[in-house]
Amino acid sequence: MKTKINENDTQITQDVSTLQTVGNVFSDNAKMSMRNVNVFYDDKQAIHDVSLDIGKNEVVAMIGPSGCGKSTFLRCMNRMNDTIDSCRIEGDFRLEKDDIYHPKQDVVALRARVGIVFQKPNPFPKSIYDNVAYGPKVHGLAASKTDLDEIVEVSLRKAGLWAEVKDRLTAPGTGLSGGQQQRLCIARTIAVGPEVILMDEPCSALDPIATAKIEELMAELSQNFTIAIVTHSMQQAARVSQRTAYFHMGKLIEVNDTKRVFTNPEHELTEAYITGRFG
Amino acid sequence: MKNESIQNKDGAAKPSTIDLVNKNLAKRYRAEKRFKAYGVAAILFGLACLVILFTDIIGKGHSAFLQTYVYVEVNYDADALDISNVNDPQQLAIADYSAIVKSALREQFTDAKSRKQRRNLYGLVSNGASFTLRESLENNPALLNQTVGLWLLADDDIDTYYKSRGDNKDDAFVGRLNPQQVAWVETWIDQKQIKKRFNTTFFTSGDSREPEQAGIMGAMAGSLFTLLVTIALSFPIGVAAAVYLEEYAPKNKITDFIEVNINNLAAVPSIIFGLLGLAIFIGYFEMHRSIPLVGGLVLSLMTLPTIIISSRAAIKSVPSSIRDAALGLGASKMQVILHHVLPLAMPGMLTGAIIGFAQALGETAPLLMIGMVAFIVDIPGGVSDPATALPVQIFLWSDSPERAFVERTSAAIMVLLAFLITMNTAAIWLRKRLERRW
């Protein structure tokens, strides 16, 4: 058994830059499309020539072993990596027709259209209300206090948190439980009314019950939003997504319908990963 | 697994792991106790020094809060005062009040015959007594040509004598008093014509060559104005510099160079800043000497590195998850800084600023260079009036030969400490309030 894994290790650490993505990276109704993306941290290349479409109202899961570049790829989709000086990005990112990395593209406007939820719940050290109201406030989405109240309520309802917090909107957001905090962060993101929501391992810091709630939420959210989710849990990917992308050492190895990936993967690396032979 | 293999190799003689652990356990606990004891000893040493310092200062300085007054029955004799119209303020202002004090003293102590003896007699009452007389006559013109008993400020030699005397005459510090003067004072004491009152002069007047008339108010006002200038300049500039360096500045040779220089400036002796202030603010910009504005500018320069360094540390300690959250929602960089980073960093920045301001408040050397060491009697009314500062006042008084300045020096130290404690308490309260916003 042991020796077998070792054999596999040598096989999977071989140069993957020549590998071609198998499956179908394209979508008929693409909300976001990325083409020939290369990402470098200083001289180290983190993403090798990745192309991927995210269809409208689709949930796309990105899976792969740690350090495979899936989070980097996700963060490039709303230019969160701009804050990292050493990060260099090549390739074509499009949100519908708009070039995300076009010099004239305003990053603030982009992030209003492409929201992000992070791995660790990170509510602002402010009240629950202010947490949700912050986005609409900075973008000037609410004309009056009543409008803002409505946005906050609707967002909290969509995030399935309204019933739990409606009586304590002025309580600090940091005082909620981990799962509630993460749903607060989701509410905060949808309050801005984005078209796409990026989720970077949103459940990795949560217990199974909170995870179940968030997964349920994702299914509802996908009716209105396009979702790209990075996850370490293959079960989660299988449960929530319509398509799954498997990343390996900065390469996109395989993209297919989720069912197909988990039942009959095309690529041997995908199969090795989902059957738990490494990861 | 590993343990087993070792034991197998060396045989059963090898003691078990738990025995080895137990053997060392006592030694480890002893070491731990010693380690803790070092800390306790350090704290006790610090506390002991503090207690000694405070006992010494309070022991020496508490008497300065009381001042000796003597009861003299003076006759507001219109001729002696040279007042023809009591409602004329000018006449009241230039009237010779010391003359009626002198005549009152002559009347009580008839044994003062020679000029020299009389001069000694007049010396028992402070020449500041004139102001008391003038004030009471101004408030009540009907007193003219009346005889009134008044408590007048005693001379500092009498003050020192009376305070050191206690119950036993022989313990008293005589100093410059001659035996005849001592006898006069003893007469007052016997007739209960002398007493100690709370020393309001000390808190309401400026500096004086006469200890009994010297007060701390001028220095306090000077320190306050200097500090206000320092706070108004160094905090905003320091925070702005820290925000730029931490959030916007590219990481390159120039920013490295700036950073190294800021760190070096924090360690530069403060007198150098004084020289700089002298050369630039007074020499080049031709600002006035001895004014709190220049003092504040110099102290700002001195405080800036401290504030920048601590502000940068505070900004750095704001978790990146909060920045990411705000950026991810589409907040601009400025919004992230103003709405999230600064509020969260504020308590830390304030802590550094408080340390800087406390340091500035206690600073003497740079102020000497820009002339805030001058003898200034008037209480400054603004940042451009000549002034001195509390630590400089302490320095000046400690240099004075009069015995009565010893207690005033200690009292001034107490006032400076109280000033510091008040300021720090206010700042800590402010910090707590900001922290409470989660």
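With a ≥ b ≥ c taken as the square roots of the eigenvalues of the C-alpha gyration tensor of chain A, please select rounded if a/c is under 1.5 and otherwise prolate if a/b is larger than b/c or oblate if it is not? Note, shape of chain A comes out prolate. Each Cα pair under 8 Å and six or more residues apart adds its sequence gap; the mean of these over the residue count of chain A is a relative contact order of 28 percent. If only the Cβ of Lys and Arg carry +1 and only the Cβ of Asp and Glu carry -1, the dipole of region B:217-434 around its Cα centre is close to 640 debye. A convex hull fitted around the alpha carbon atoms of region B:365-437 yields 120 Å³ per residue. With 23 Å as the limit on Cα-Cα distance, the pairs of B:Lys251/B:Lys316; A:Lys120/A:Lys259; A:Lys158/A:Lys213 that go past it are A:Lys120/A:Lys259.
Pairs of lysines in region B:6-61 whose Cα atoms sit within less than 22 Å of one another amount to 5, provided the residues are eight or more positions apart or on different chains. Our estimate of slack between B:Glu286 and B:Trp429, defined as 0.36 nm per intervening residue step minus the Cα-Cα distance, is 47.5 nm.
For the listed peptides A:265-276, B:112-123, A:121-132, a ranking on the average number of other beta carbons within 10 Å per residue, highest first, reads A:121-132, A:265-276, B:112-123. Proximity of backbone amide H atoms, modeled 1.01 Å from N, is registered between A:Lys251 and A:His48 at under 5 Å, excluding neighbours fewer than 5 places apart on the same chain.
Extents of region B:132-253, taken as max minus min of Cα coordinates on every principal axis and listed largest first, are 81, 44, 21 Å. Per residue, chain B reaches -20000 deg cm²/dmol at 222 nm when only DSSP H runs of four or more residues are counted, each adding -39500 (n - 2.57). Just so you know, the averaged projected area of the alpha carbon convex hull for region A:189-241 sits at 3.5 nm².
Against the main long axis of the alpha-carbon atoms of chain B, helix B:404-435 sits at an angle near 40°.
Its residue count N sets the reference 2.2 N^0.38 Å, and the alpha-carbon radius of gyration of the protein assembly as shown equals 1.50 times that reference. Highest average first, the peptides B:365-377, B:99-111 ordered by how many other beta carbon atoms sit within 10 Å of their residues are B:365-377, B:99-111. Each 10 Å bin from zero up to the one holding the largest Cα-Cα distance in region A:73-170 carries the following percent of pairs: 13, 37, 29, 18, 3. Given axes a ≥ b ≥ c from the Cα gyration tensor, I'd like to know whether region A:152-253 is rounded (a/c under 1.5), prolate (a/b larger than b/c) or oblate. Taking the square roots of the gyration eigenvalues as a ≥ b ≥ c, region A:152-253 is prolate.
Take B:47-57, B:209-219 and order them by the average number of nearby Cβ atoms within 10 Å per residue, most first; the result is B:209-219, B:47-57.
The slack in the chain from B:Leu44 to B:Ile58, taken as 0.36 nm per residue of separation less the alpha-carbon distance, amounts to 3.0 nm.
Highest GNM mean-square fluctuation, chain B, Cα pairs closer than 10 Å: which of B:Arg28, B:Arg176, B:Arg403? In the Gaussian network model the winner is B:Arg28.
Considering only A:Lys137, A:Lys120, A:Lys44, the Gaussian network model of chain A with Cα springs below 10 Å gives its largest mean-square fluctuation to A:Lys44. For region B:217-434, taking Cα atoms only, Rg and Dmax work out to 19.6, 70 Å respectively. Start at zero, step by 10 Å, and the Cα-Cα distances of region B:38-155 spread as 12, 32, 21, 12, 9, 8, 5, 1 percent across the bins.
Helix B:129-139 and the longest principal axis of the C-alpha atoms of chain B enclose an angle of approximately 80°.
Shown is the FRET efficiency for B:Phe173 and B:Ala240, computed with R0 = 45 Å from the Cβ-Cβ distance and rounded to the nearest 0.05: 0.20. Peptide B:317-325 shows a mean partner chain C-beta count of 4 within 10 Å per residue C-beta. How many percent of Cα pairs in region B:283-409 exceed 21 Å? Value for region B:283-409: 57 percent of Cα pairs lie more than 21 Å apart. Spherically averaged projected area of the convex hull of Cα atoms, region B:169-236: 7.1 nm². Projecting the Cα atoms of B:Ala279, B:Ile428, B:Gln359 onto the charge dipole of region B:217-434 (Cβ charges, centred on the Cα centre) puts B:Ile428 farthest toward the positive pole. Couplings 3J(HN,Hα) of region B:324-340, computed from phi: 4, 4, 5, 4, x, 7, x, 6, 6, 4, 5, 5, 4, 5, 6, 7, 10 Hz, in residue order, whole Hz [Karplus 6.51 cos²θ - 1.76 cosθ + 1.60, θ = phi - 60°; x for Gly and Pro]. Rg and Dmax, both from the Cα atoms of region B:231-299 and both in Å, are 14.5, 42. Per-residue mean of foreign Cβ neighbours for B:340-347 is 1 (Cβ atoms of other chains, 10 Å radius). In terms of its C-alpha gyration tensor, region A:24-109 has an oblate overall shape, because the principal axis ratio a/c (a ≥ b ≥ c, square roots of the eigenvalues) is not below 1.5 and a/b does not outweigh b/c.
Here region B:149-163 and region A:159-217 have alpha carbon centers that stand 77 Å from each other. Eigenvalues of the alpha-carbon gyration tensor of region A:7-150, scaled by 5 and square-rooted, set the equivalent ellipsoid semi-axes at 33, 18, 16 angstrom, largest first. Residue order for A:Cys76, A:Cys185, fewest other beta carbons within 10 angstrom first, comes to A:Cys76, A:Cys185. Over every pair of different alpha-carbon atoms in region B:6-61, take the mean of 1/r and invert it; report that Kirkwood radius in Å. Value: 15.4 Å, from the Cα pair sum. Annotation: Cα Rg of chain B relative to the compact-globule expectation 2.2 N^0.38 Å equals 1.46.
Its relative contact order, with pairs defined as Cα atoms under 8 Å and 6+ residues apart, puts chain B at 18 percent.
The mean sequence distance of close C-alpha pairs (under 8 Å, at least 6 residues apart), as a share of the length of region B:175-317, puts its relative contact order at 28 percent. At 222 nm, what helix-only mean residue ellipticity would chain A give, in deg cm²/dmol to the nearest 500, using -39500 (n - 2.57) for each DSSP H run of four or more? Calculated mean residue ellipticity at 222 nm is -10500 deg cm²/dmol. For A:Ala245, the amide hydrogen comes within under 5 Å of the amide hydrogens of A:Ala61, A:Met62, A:Ile63, counting only partners 5 or more places away or on other chains and with H modelled in the peptide plane. If I fit a long axis through the Cα atoms of helix B:253-265 and take the longest principal axis of the Cα atoms of chain B, what angle between them do I get, 0 to 90°, rounded to 10? Between the helix axis and the principal axis of chain B, the angle is about 40 degrees.
None of the figures in this text is laboratory data; all of them are computed from the coordinates on show. Just so you know, these numbers come straight off a predicted model, no measurement behind them. Every residue, glycine as well, gets a Cβ built from its backbone with ideal geometry; the counts of neighbours run over all protein chains shown.
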